[in-house]
Amino acid sequence: NAGVTQTPKFQVLKTGQSMTLQCAQDMNHNSMYWYRQDPGMGLRLIYYSASEGTTDKGEVPNGYNVSRLNKREFSLRLESAAPSQTSVYFCASSEAGGVTEAFFGQGTRLTVV
Amino acid sequence: KNEVEQSPQNLTAQEGEFITINCSYSVGISALHWLQQHPGGGIVSLFMLSSGKKKHGRLIATINIQEKHSSLHITASHPRDSAVYICAVSSPMDSNYQLIWGAGTKLIIKP
């Protein structure tokens, strides 16, 4: 019963480097999300995918790209990392948007130096 | 002004106390979520409700749609309940996909 799996759990990048955060869910959910959480702040939506084949910007999309590779997988890419992207990143999924229960991955702690 | 307001921001209580965390919202909603974030960082969904009341173990969630208010209660609180409790709503104004998040309530239960 894996639920939502994120990799990696920790990552340190140098400014300007790129990386992809991977997320996979095994619950056959239609909707998937990427959030960031900064110290002392709430979750902020970066991008979401309402269903396979669609992606939409959230509240803070600048500096990020996403790919809904298939129904299971939703990746988040930082093309040129900046110190302002130091944060904890969470992937989440739900069966059908915000009217269904959300399940979260364990988070990725990213530091950009 | 935040569309989802939680109170209190911080709450410290003794083990065994009855705990109430409040969530008020200003938008029309399709559903309201209560989630728990453990000190280690993991986020777990506790409840999703659109009316009435739900109970799971020592946790009870209620919602009053007319008053745009929800409460999360913890009975017989225990130190393991120490966590951040987060309220979030889905609104048809946002196509129900983008949850609107409260800032969270940090709860500490002392033994």
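For the range A:73-113, which residues drop by 20 square angstrom or more in accessible area between the chain on its own and all protein chains together (1.4 Å probe)?
Listed by number, the residues meeting the 20 Å² cut-off are A:PHE90, A:GLY98, A:VAL99, A:GLU101, A:ALA102, A:PHE104.
Pop the C-beta distance of B:GLU67 and A:SER18 into the FRET formula with R0 = 45 Å and round what comes out to the nearest 0.05.
Taking R0 as 45 Å, the efficiency between B:GLU67 and A:SER18 is 0.40.
Leaving out same-chain residues fewer than 8 places away, which aspartates and glutamates sit with a Cα under 15 Å from that of A:LYS71?
Excluding near neighbours in sequence, the set is A:ASP26, A:GLU52, A:GLU95.
Apply 1/(1 + (r/R0)^6) to the Cβ-Cβ distance of B:LEU49 and B:PHE18, taking R0 = 30 Å, and write down the FRET efficiency to the nearest 0.05. Intermediate results must be reported in sequence, preceding the final value.
Numbers: r = 20 Å, r/R0 = 0.66.
Calculated value: 0.90.
Excluding residues fewer than 8 places away in the same chain, name every one of the lysines whose C-alpha is closer than 30 Å to that of B:LYS55.
B:LYS68, B:LYS106, B:LYS110
Hey, with R₀ at 30 Å, roughly what FRET efficiency would A:VAL113 and A:GLU59 work out to, going by the Cβ-Cβ distance, to 0.05? Intermediate results must be reported in sequence, preceding the final value.
On the way: r = 25 Å, r/R0 = 0.84.
For R0 = 30 Å, the calculated efficiency reads 0.75.
Show me the three semi-axes of the equivalent ellipsoid for chain A, from the C-alpha gyration tensor (sqrt of 5 times each eigenvalue), largest first, rounded to whole Å. Could you put the intermediate results ahead of the total?
Details: eigenvalues 99, 36, 35 Å².
Whole-Å semi-axes of the equivalent ellipsoid: 22, 14, 13.
If you take every residue apart from A:GLY107 with its C-beta less than 12 Å away from the C-beta of A:GLY107, what net charge results, scoring Lys and Arg +1 and Asp and Glu -1? It would help to have the intermediate numbers written out before the result.
Numbers: positive: A:LYS9, A:ARG36, A:ARG109; negative: none.
Here the charged neighbours net out to +3.
Quick one: give the max-minus-min coordinate of the C-alpha atoms of the protein assembly as shown along each principal axis, largest first, in Å.
Reported extents, whole Å, longest axis first: 49, 39, 37.
Please work out the average accessible area per residue across the range B:1-100, using the 1.4 Å probe convention, and give it in Å².
Ligands and nucleic acids excluded, the result is 48 Å² per residue.
DSSP loop (so not H, G, I, E, B), at most 15 other Cβ within 10 Å: list which trypsin sites (Lys or Arg not before Pro) in the range B:36-83 pass both filters. Show your work: numbers first, answer last.
Details: sites: B:LYS53, B:LYS54, B:LYS55, B:ARG58, B:LYS68, B:ARG80; in loops: B:ARG58, B:LYS68.
Taking the range B:36-83 and a limit of 15 other Cβ atoms within 10 Å, the loop trypsin sites (Lys or Arg not before Pro) found are B:ARG58.
DSSP loop GluC sites (Glu not before Pro) in the range A:24-113 with at most 14 other Cβ atoms within 10 Å of their Cβ, which ones? Write out the running numbers ahead of the final one.
Values: sites: A:GLU52, A:GLU59, A:GLU73, A:GLU79, A:GLU95, A:GLU101; in loops: A:GLU52, A:GLU59, A:GLU79, A:GLU95, A:GLU101.
Counting only loop positions with at most 14 other Cβ atoms within 10 Å, the GluC sites (Glu not before Pro) in the range A:24-113 are A:GLU59, A:GLU79, A:GLU95.
Report, ordered by chain and residue number, the aspartates and glutamates lying within cross-link reach of A:LYS57, taken as a straight Cα distance under 18 Å and ignoring same-chain residues fewer than 8 apart.
Partners within reach: A:GLU73, A:GLU79, B:ASP94.
Ignoring ligands, DNA and RNA and using a 1.4 Å probe, state the total buried accessible area between A and B in Å², rounded to the nearest 100.
Numbers: alone 5920 and 6130 Å², together 10530 Å².
Protein heavy atoms only, the A-B interface buries about 1500 Å².
Who wins for biggest fluctuation among A:VAL99, A:VAL88, A:VAL60 in a Gaussian network model of chain A, springs between alpha carbons below 10 Å?
Between A:VAL99, A:VAL88, A:VAL60, it is A:VAL99 that shows the largest mean-square fluctuation.
In peptide A:39-52, how many Cβ atoms from other protein chains are near each Cβ within 10 Å, on average?
On the way: counts 0, 3, 3, 12, 10, 1, 6, 0, 0, 3, 1, 4, 1, 0.
For this peptide, the per-residue mean of nearby foreign Cβ atoms is 3.
Using only alpha carbon pairs under 8 Å that are at least six residues apart, calculate the relative contact order of chain B and give it in whole percent.
On the way: 274 pairs, mean separation 40.6, N = 111.
In percent, rounded to a whole number, it is 37.
Tally the DSSP beta bridges in chain B and give the antiparallel ones as a percent, rounded to 5.
If we restrict to bridges inside chain B, about 90 percent are antiparallel.
Of the beta bridges DSSP finds with both residues in the protein assembly as shown, what % are antiparallel, to the nearest 5? Show your work: numbers first, answer last.
On the way: 73 of 83 bridges.
Once the DSSP bridges in the protein assembly as shown are tallied, antiparallel ones form about 90 percent.
The values are calculated or read from the model by the stated rules, or taken from the named source; none is laboratory data. No experiment lies behind these values; they were computed from the predicted model shown. Cβ atoms come from the backbone with ideal geometry, glycine included; neighbour counts cover every protein chain shown. Just the protein is used for accessible areas: all its heavy atoms, side chains included, with ligands, DNA and RNA removed. Shrake-Rupley method; radii C 1.70, N 1.55, O 1.52, S 1.80 Å.
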